[in-house]
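Asks: Quick one: structure below, then a few questions.
Values in this text are rule-based calculations from the coordinates and carry no lab data. Everything numeric in this text was worked out from a predicted model, so none of it was measured. Cβ placement follows ideal geometry from the backbone for every residue including glycine, while neighbour counts extend to all protein chains displayed.
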Amino acid sequence: DAGITQSPRHKVTETGTPVTLRCHQTENHRYMYWYRQDPGHGLRLIHYSYGVKDTDKGEVSDGYSVSRSKTEDFLLTLESATSSQTSVYFCAISLSGARYEQYFGPGTRLTVT
Amino acid sequence: AQKITQTQPGMFVQEKEAVTLDCTYDTSDQSYGLFWYKQPSSGEMIFLIYQGSYDEQNATEGRYSLNFQKARKSANLVISASQLGDSAMYFCAMREVLSYGQNFVFGPGTRLSVLP
């Protein structure tokens, strides 16, 4: 258990509204990630963070922004939600060391109507 | 760009038998890592096994082993003595080095069903 929580766990929102998803970790890991999971695609990286206030884009970053003002929290914001952003969102941390294996939060199921 | 291919959308295996889930990857990096994750119907992602590109021996973790063939760029997961609880989606992933971190590129997954 890597001590990762996500909130909310489920959310239904309307097209055009802003949405913020929160990822919280308790073990001071430097690297944090946001992925989305869609059928047939596995997981795709949206944004990642390599430290407080240090973030970079991933493969599918359009329409998303992130912020990390504290080590333990990594926020994902959909500025104006669209139906194509209906997905399951996973937060992850990676351990330091040779392997850098990732551990995931429980996921947030977001539905944009 | 890195890419992971899992050609088996679904697999069936009889309980107590072994099963191999295929994964091929594409990279020009010399240093990389390969991972397998399990996602049961409850939705969580569970880390199973890791293989480094410079590791000479195939990785093993309990009933899981990784058949690593570097020249063929394949990293197949072998599950021995399948159990009903092994029914799940399985994802192969490769770690790539980013400017300031690590990214994981995931394959589309294989759904394994274990039959009693």
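Asks: Please return the longest range in chain B lying between exposed loop sites, taking trypsin sites (Lys or Arg not before Pro), DSSP loop only, at most 11 other beta-carbon atoms within 10 Å, and leaving the sites out.
Replies: Numbers: sites that count: B:K16, B:R72.
In chain B, the maximal stretch lacking such sites is B:17-71.
Asks: If you rank B:D22, B:D29 by fewest surrounding Cβ atoms within 10 Å, what's the result?
Replies: With the sparsest Cβ surroundings first, the list reads B:D29, B:D22.
Asks: Per residue of B:42-51, how many C-beta atoms from partner chains lie within 10 Å of its own C-beta, taken as a mean?
Replies: On the way: counts 2, 8, 5, 11, 2, 7, 1, 1, 4, 1.
Across B:42-51, the average partner-chain Cβ count within 10 Å equals 4.
Asks: Here is a further query. Sequence gap of 8 or more, or different chains, plus Cα separation below 26 Å: how many lysine pairs satisfy both in the protein assembly as shown?
Replies: Taking the Cα cut-off of 26 Å, the pair count is 13.
Asks: I would also like to ask the following. Could you line up A:H10, A:H41 from fewest to most neighbouring Cβ atoms inside 10 Å? Write down the numbers at each step before the final one.
Replies: Working: A:H10 10, A:H41 15.
Ordered from fewest to most neighbouring Cβ atoms within 10 Å, A:H10, A:H41 come out as A:H10, A:H41.
Asks: In what order do B:F91, A:F74, B:F68, B:F12 fall by count of nearby beta-carbon atoms within 10 Å, going from fewest to most? Please list the in-between numbers first.
Replies: Values: B:F91 26, A:F74 29, B:F68 20, B:F12 11.
Ascending number of Cβ neighbours within 10 Å: B:F12, B:F68, B:F91, A:F74.
Asks: Continuing with this model, one more query. For chain B, calculate the relative contact order in percent as a whole number, restricting contacts to Cα pairs under 8 Å that are 6 or more residues apart. Mind showing how you got there, number by number?
Replies: Numbers: 286 pairs, mean separation 42.4, N = 116.
After rounding, I find 37 percent.
Asks: Okay, moving on. Taking only C-alpha pairs under 8 Å that are 6+ residues apart, what is the relative contact order of segment B:22-81 in percent? Before the final figure, lay out the partial values.
Replies: Details: 99 pairs, mean separation 19.8, N = 60.
Contact order relative to length: 33 percent.
Asks: Let me ask you something else. Evaluate peptide A:32-44: per residue, the Cβ atoms of other protein chains within 10 Å of its Cβ; return the mean as an integer.
Replies: Details: counts 1, 4, 0, 4, 0, 7, 1, 2, 3, 4, 14, 11, 3.
Mean shielding count: 4.
Asks: If we count every other residue with Cβ under 12 angstrom of A:D54's Cβ, Lys/Arg +1 and Asp/Glu -1, where does the sum land? List each step's numbers first, then the result.
Replies: On the way: positive: A:R30, A:K53, A:R68; negative: A:D56.
So the environment of A:D54 carries a net charge of +2.
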